[in-house]
Amino acid sequence: MSAKARAEESENALSSVPFAHASEEEFARILDFYDVAWRYEPRSFPLREEEGRVVEAFTPDFYLPDLELYIELTTLKQSLVTEKHRKLRLFQERYPDIQIKLLHRSDYLSLLAKYGFGPFSEVEVAGIHEVLISASELERRVGELGAQISRDYKGKEPLLVGVLRGVICFMADLMRHISLPLAIDFMAISSYEGEQGEAVRIVKDLEEPLASRHIIIVEDIVDTGMTLNTLLQGLQLRRPASLKVCALLDKRARRLVDMPIDYVGFEIPDEFVVGYGLDFRQKFRNLPFIATLKRDWLQTQAQTKQSPE
Ligand code: 5GP
């Protein structure tokens, strides 16, 4: 079987499994990558019975038939790991002949790093708290957005306008999922303290004319909405045939200026995020996933003078 056919088969198999958690799907991808056969939650083991009824059971996440090994992932909070350890002890007492391995968060992250998630092992990871949106979730959603835009703009040739610099990963992936002729252009903006509070200024303008064209503004994240509002007002003056917005992340809880976003990748909570193009003081842009930062780390950073872009 060709590598492409194998990748497609693996993708089909993955999409039919009802993984409870994104980290489990990532792990299945790693196993596929190394050609290790696996089954997801194939068996529940009774741990405790009362009056002939099972009152506690344990369902390991994976079974690797070639190795006759069960795997349980613990990418959970430390407080929950203790409970897993208790269950595992009971399991081992009751089923001493069955091999099981608990994969800790740190083991799991180093596996991820090995499996093409290289940047995670190489950039400064000290401040990373947790993965909010995994690489495979991003890939899947960006594909869906691209397909939707392809349908909506059928027969047209949109111009994608990216807002630098956070948008680079999203733009690069999104445009490859749009099956239409299209053009791209970029602008850069910076915010400053104006007379009426925070204002936004264009520091690099577009090179493409907009008149009579179908424009899609591609944004990494919409937070207060101030940036997008200023951009929309400015671009509308250039008389495009249509003007829509596609944002990867929507932090709706913090919106100050209300405006419709036509295409949204993910709605996220009010937390500062990095990765997949988004930075904190120019760091973390090369992470292949979206992650949150540790609060105590952010506090120590806040004591130094620079501010994030
Ligand atoms: P807004 O004008 O909507 O408040 O802010 C939009 C810009 O703020 C984004 O384009 C991005 O540069 C920055 N921003 C807002 N929230 C975040 C975040 O959680 N992480 C990062 N890295 N940048 C953010």
> Of all residues in segment 220-247, which are away from the ligand (no atom under 12 Å from the Cβ) and surrounded by 20 or more Cβ atoms within 10 Å (Cβ to Cβ)?
Replying inline: C246
> Which one of these does D296 not meet: (1) out of contact with any Asp or Glu (no Cβ under 7 Å at 6 or more places or on another chain); (2) open to solvent by less than 70 Å² (accessible area, probe 1.4 Å); (3) in a helix (DSSP H, G or I)?
Replying inline: (2)
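Residue-by-condition table, conditions (1) in contact with a Gly (Cβ under 8 Å, 6 or more places away or on another chain); (2) assigned to a loop (DSSP other than H, G, I, E, B):
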{"position": "T230", "(1), (2)": "no, no"}
{"position": "L235", "(1), (2)": "no, no"}
{"position": "R238", "(1), (2)": "no, yes"}
{"position": "F266", "(1), (2)": "no, no"}
{"position": "R285", "(1), (2)": "yes, yes"}
{"position": "P288", "(1), (2)": "yes, yes"}
{"position": "T292", "(1), (2)": "no, no"}
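Residue by residue, here is whether (1) at pLDDT 95 or above; (2) within 25 Å of the chain's Cα centre (by Cα); (3) open to solvent by 70 Å² or more (accessible area, probe 1.4 Å) holds:
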| site | (1), (2), (3) |
| --- | --- |
| V81 | no, yes, no |
| R89 | no, no, yes |
| S121 | no, yes, yes |
| L138 | no, yes, no |
| Q148 | yes, yes, no |
| L160 | yes, yes, no |
> Among the listed residues D97, D35, D61, which satisfies the condition of being open to solvent by 80 Å² or more (accessible area, probe 1.4 Å) and at pLDDT 90 or above?
Replying inline: D97
> In segment 207-219, how many residues are away from the ligand (no atom under 12 Å from the Cβ) and either assigned to a loop (DSSP other than H, G, I, E, B) or β-branched (V, I, T) (or both)?
Replying inline: 9
> Name the pairs whose Cβ atoms lie under 6 Å apart, with the first residue in segment 220-239 and modelled with pLDDT under 90, the second part of a strand (DSSP E or B) and more than 6 Å from the ligand (Cβ to nearest atom), and 6 or more positions between them or separate chains?
Replying inline: T227/V200; T230/V200
> Which one is nearest to V142 (Cα to Cα), of the residues in segment 163-179 that are within 15 Å of the ligand (Cβ to nearest atom), in a helix (DSSP H, G or I) and in contact (Cβ under 8 Å) with a residue 60 or more places away in the chain?
Replying inline: F170
>> Cβ contacts < 7 Å: first residue at negative phi and aromatic (F, W, Y), restricted to segment 275-294; second residue part of a strand (DSSP E or B) and open to solvent by 40 Å² or more (accessible area, probe 1.4 Å), any location; separation 6+ or different chain. Result?
In response: F289/V131
>> Between a residue in segment 39-55 that is within 18 Å of E93 (Cβ to Cβ) and open to solvent by less than 100 Å² (accessible area, probe 1.4 Å) and any residue that is of a type outside the set (D, E) and assigned to a loop (DSSP other than H, G, I, E, B), which pairs come within a Cβ distance under 7 Å, given they are 6 or more apart or on different chains?
In response: S44/T59; F45/Y95
> Which residues, taken from segment 269-278, are within 9 Å of the ligand (Cβ to nearest atom), open to solvent by 10 Å² or more (accessible area, probe 1.4 Å) and either aromatic (F, W, Y) or at pLDDT 95 or above (or both)?
Replying inline: F272, L278
> Which members of segment 253-264 meet the condition of being closer than 20 Å to L243 by Cα and not in a loop (DSSP other than H, G, I, E, B)?
Replying inline: Y263, V264
> Residues of segment 130-162 being farther than 25 Å from R281 by Cα and either touching a strand residue (DSSP E or B) at 6+ places or on another chain (Cβ under 6 Å) or part of a strand (DSSP E or B) (or both), which ones?
Replying inline: R141, L145, K156, P158, L159, L160
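The values are calculated or read from the model by the stated rules, or taken from the named source; none is laboratory data. Fair warning: this is a prediction, and the values are worked out from it, not measured in the lab. All Cβ positions, glycine included, derive from the backbone under ideal geometry; neighbour counts span all protein chains shown. To get the accessible areas, we keep the full protein, side chains included, count just its heavy atoms, and leave off ligands, DNA and RNA. Shrake-Rupley method; radii C 1.70, N 1.55, O 1.52, S 1.80 Å.
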